[in-house]
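So the structure is just underneath, and the comments pick up after that.
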Amino acid sequence: MDISLETAARITSFIAALVLITSFAMLAQKRIYGLIHLFAWQGLFLALNTAVVGYIADKHHLFISSLLTLGLKVFLLPYILYVLIKRLNIRKDVETIVNMPTTMLIGIGLVIFSYHLTAPVRELSTLMTRSTLTIALATVMIGLLMMITRRNAVTQIIGFLAMENGLFFTATSATYGMPLVVELGVALDVLIAAFIFGIFFFHISTTFDSLDVGQMARLKEDEMNE
Amino acid sequence: MNNSDMLLILLGLPVASAVVLAFVGDRKFAPEINISGSAATFIAGIALAIEVYMHGPMLAGGKFFFVDAFNIYLAVLTSFVSVTTALFSRRYMRREREHGRVGQVGMRFYHAMFQLFIFAMLLCLLTNNVGILWISMELATLTTVLLVSLYRTPTAIEAAWKYFILCGVGIAQALFGTVLLYFAAEKVLGEGGDALLWTNLSRVSGQLEPTILSLAFVFLMVGYGTKVGLVPLHNWLPDAHSEGPTPISAVLSGLLLNIALYALVRCKVLVDGSTQTHYAGDIMMVFGILSILVAAFSILRQKDIKRMFSYSSIEHMGIATFAFGLGGPIATFGALLHMLMHSLTKSAIFFTAGHASQMHRTQEMDKIRGLFKGKPLVGWGLMLGVMALAGLPPFGIFTSEFLILTATIQEAPLWTPFLLLGLAVAFAALFRAVQPMVSGDVPDYQKPLKVAHLPVILHMTIVLIIGLYIPDFLNQWFKTAVELLK
């Protein structure tokens with residue numbers, strides 16, 4: 001192998017940094033198409049990272065995961081979202097519950113939190129990708145944050161998918177990927193979920209006239225009482 | 001016939017039924033196909049159970065499947081409740097169709113997804129791979145999301161969306177936990193699929209790194225705990241269970257919660273083996289007791305009949321989680337029995353609640369009156385069901401709650417008052433709500449209708465029999481499972 005481990009670790013760290021940047025960019029993005037582009041970019045970096053790790057660590061099943069990520073998260077899912085937004089005439093800007101600067105600050109807090117949480121794992125790991133584990137968990141957390149702070153069903157879904165990206169990234173950096181059968185199963189679940197939220201968007205927009213989930217507040221306990 | 005074939009038949013039958021039902025669609029005989037498909041699955045389940053009873057735990061399909069005393073009784077239970085639910089749903093869904101709440105497409109979808117849901121749950125139970133366990137759990141969620149929104153009312157869509165998002169987030173945490181588990185296992189077992197097999201993991205659990213497994217358990221607890229409906233992760237449950245069609249409420253409350261708890265307990269065994277402390281158990285006890293208390297007080301405030309019984313499901317899953325957390329032979333035996341009894345009782349109650357709300361065309365408890373006079377089977381079914389659910393003897397839940405309470409008093413006396421408070425409040429709240437519904441005169445808007453007798457009678461009879469006497473095979477399975485979960 002002509003790449004030393006140190007160089008390899010540097011390359012994966014660089015790609016991990018790019019993934020984290022896309023995460024934060026998604027938090028700050030105000031336009032829905034921009035959000036989808038960023039999501040596709042994140043998928044691309046992930047696929048690239050997986051392929052690099054697969055090549056250096058000589059794990060061939062990672063190439064399959066990488067191709068799967070490329071197909072699913074860079075092309076298919078963004079395409080589905082694109083079409084849905086066009087068809088349903090969804091509002092093109094992102095509505096937030098918490099304002100952007102605060103969200104960004106919480107995001108930074110989450111990264112520090114992830115750093116501490118993954119400390120025991122990093123100490124025990126001997127893999128060259130161990131330093132990227134923090135970023136992987138941070139991506140999961142930021143995805144979660146995005147789901148909580150957005151009001152639109154489409155942005156919630158993008159948050160959900162970003163979180164799934166983070167989980168995939170975690171598997172790659174902690175263990176050089178899960179066994180192939182599990183990776184394939186997870187991809188299948190994501191695909192089914194994609195069809196389900198597609199159907200959902202239609203139902204929600206025909207029933208509520210918009211995809212603002214803030215309108216969905218009929219099932220509150222208080223209202224049930226009085 | 002060898003073991004692998006038996007398992008493939010058991011798992012293949014619901015998939016085949018789903019395909020057939022997808023093609024049959026809304027034809028007249030679709031419910032009958034649904035029933036026969038479930039019945040065939042049930043027979044295959046019984047055959048497998050006899051095999052396990054005679055020859056002990058088995059591995060099959062190249063170690064991909066694993067059947068032991070713990071999962072076989074849940075598999076039989078799952079296939080059994082799927083038969084009775086299919087029986088119940090035949091008339092029920094036909095009537096919903098007449099009322100115009102579901103269309104042609106809806107019915108096709110309903111039947112096919114029902115079978116796929118059964119498949120996902122059986123796969124979850126029988127797989128030996130912790131990764132596949134996660135995948136099939138997610139699949140079980142995905143198959144039911146659109147069933148919850150089957151009526152397409154705003155509230156149903158809202159409930160389904162909540163279910164989809166919250167369970168998606170929850171289950172994502174469980175995947176993170178699974179990755180950490182694999183990370184720890186890989187060091188001992190080497191790379192590849194073998195490191196995720198539960199049988200291998202439990203063999204070497206003493207060598208797994210305790211810090212990693214403790215961290216993993218937090219994520220697994222949050223993830224699978226969301227699906228069990230434990231407080232404070234329970235927000236989706238009352239909505240999803242009350243807005244969907246009643247047969248789906250019955251299987252969600254009766255079966256899916258059990259499956260999620262099963263996954264959690266399997267993971268707990270590994271964590272216990274690694275840490276050699278009561279760490280995982282303590283976490284489960286806190287979540288359990290919190291669920292019991294919050295759910296018991298929430299039952300008091302409910303106006304919707306299905307919603308009230310959903311909260312009661314949270315309470316009962318809390319009891320089982322608490323008991324598994326407490327550990328020890330008596331509490332674990334009680335928890336296993338409790339899962340079985342709650343599942344049968346709760347689905348029976350949902351059947352009668354479904355009938356009651358169809359007779360009155362509403363789920364509001366204020367409007368449901370005079371069931372004893374109007375339709376004795378529904379009235380008595382509801383009354384006896386609630387008696388069983390509240391833990392009155394001679395029903396089976398009394399036995400399991402008694403065991404759990406005894407174990408608590410012996411081993412963790414400080415928790416006893418909380419447990420008792422929860423049980424007492426739930427008891428009072430349920431009776432306060434049910435009493436006016438069953439007694440009194442028949443209101444003029446109550447419409448008499450033909451009901452499915454068999455499912456309710458079957459479930460309640462089993463609950464009664466087990467309350468009086470636990471059959472030998474069940475006793476032996478539970479004892480083996482207790483050994484296994486030590």
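The values are calculated or read from the model by the stated rules, or taken from the named source; none is laboratory data. It should be emphasised that the depicted structure is a prediction, and the values quoted were computed from it without experimental measurement. Backbone-built Cβ (ideal geometry, glycine too); neighbour counts: all protein chains shown.
So here's what we get for this one:
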read-out: Candidates B:S36, B:S82, filtered to the one that is within 19 Å of the chain's Cα centre (by Cα) and of a type in the set (G, A, S); value: B:S82
read-out: Test: residue in segment A:163-171 that is touching a residue at least 24 places away in the same chain (Cβ under 8 Å), among the hydroxyl-bearing types (S, T, Y) and more than 7 Å from chain B (Cβ to nearest Cβ); value: no
read-out: Hits in segment B:142-153 (condition: at the interface with another protein chain (Cβ under 9 Å from one of its Cβ atoms) and either part of a helix (DSSP H, G or I) or surrounded by fewer than 24 Cβ atoms within 10 Å (Cβ to Cβ) (or both)); value: B:L142, B:T143, B:V145, B:L146, B:R152, B:T153
read-out: Residue check, A:I11 of a type in the set (A, V, I, L, M, F, W, C), at pLDDT 90 or above and in a helix (DSSP H, G or I); value: no
read-out: Filter result for A:V53 (in a loop (DSSP other than H, G, I, E, B), touching a Ser or Thr at 6+ places or on another chain (Cβ under 8 Å) and either in contact (Cβ under 8 Å) with a residue 40 or more places away in the chain or closer than 24 Å to A:L145 by Cβ (or both)); value: no
read-out: Restricting segment B:271-303 to residues that are out of contact with any strand residue (DSSP E or B) (no Cβ under 9 Å at 6 or more places or on another chain) and not in a helix (DSSP H, G or I), the residue that is farthest from B:L122 (Cα to Cα); value: B:R301
read-out: Residues of segment A:148-162 that turn out to be more than 8 Å from every other protein chain (Cβ to nearest Cβ) and within 11 Å of the chain's Cα centre (by Cα), as a count; value: 5
read-out: Meets criteria (crowded, with 23+ Cβ neighbours inside 10 Å and either farther than 21 Å from B:F109 by Cβ or not aromatic (F, W, Y) (or both)) for A:M147; value: no
read-out: Odd one out for A:L84, checked against (1) in contact with a helix residue (DSSP H, G or I) (Cβ under 9 Å, 6 or more places away or on another chain); (2) modelled with pLDDT of 90 or more; value: (2)
read-out: Boolean, B:R101 is more than 14 Å from chain A (Cβ to nearest Cβ), part of a loop (DSSP other than H, G, I, E, B), at negative phi and among the basic types (K, R); value: yes
read-out: Selection status of A:A57, at pLDDT 90 or above, buried (at least 16 other Cβ atoms within 10 Å of the Cβ) and either of a type outside the set (V, I, T) or within 15 Å of the chain's Cα centre (by Cα) (or both); value: no
read-out: Residue that is surrounded by the most Cβ atoms within 10 Å (Cβ to Cβ) [pool: residues in segment B:185-209 that are more than 19 Å from A:V181 (Cα to Cα) and facing chain A (nearest Cβ under 10 Å)]; value: B:E209
read-out: Among the candidates A:A187, A:A194, A:A138, residue that is surrounded by 24 or more Cβ atoms within 10 Å (Cβ to Cβ), at negative phi and either touching a residue at least 40 places away in the same chain (Cβ under 8 Å) or more than 8 Å from every other protein chain (Cβ to nearest Cβ) (or both); value: A:A138
read-out: Residue match in segment B:60-73 (condition: crowded, with 17+ Cβ neighbours inside 10 Å and closer than 29 Å to B:K450 by Cβ); value: no
read-out: Matching residues in segment B:186-232 - criterion: being in contact with a strand residue (DSSP E or B) (Cβ under 8 Å, 6 or more places away or on another chain) and at pLDDT 85 or above; value: B:L196, B:L197, B:W198, B:T199
read-out: Segment A:173-184, subset assigned to a helix (DSSP H, G or I) and among the small types (G, A, S), residue nearest to the other protein chains (Cβ to nearest Cβ); value: A:A174
read-out: Conditions (1) aliphatic (A, V, I, L, M); (2) facing chain A (nearest Cβ under 7 Å); (3) in contact with a Phe, Trp or Tyr (Cβ under 9 Å, 6 or more places away or on another chain); number of the one not met by B:L215; value: (3)
read-out: Among (1) part of a loop (DSSP other than H, G, I, E, B); (2) surrounded by 19 or more Cβ atoms within 10 Å (Cβ to Cβ), the one test that B:A388 misses; value: (1)
read-out: Conditions (1) at pLDDT below 90; (2) closer than 17 Å to B:I368 by Cβ; (3) part of a helix (DSSP H, G or I); number of the one not met by B:V451; value: (3)
read-out: Test result for B:A156, more than 29 Å from A:Y176 (Cα to Cα), part of a helix (DSSP H, G or I) and more than 8 Å from chain A (Cβ to nearest Cβ); value: yes
read-out: Hey, B:A174 more than 7 Å from chain A (Cβ to nearest Cβ), over 21 Å from B:F217 (Cβ atoms), at pLDDT 90 or above and in a helix (DSSP H, G or I) or not; value: no
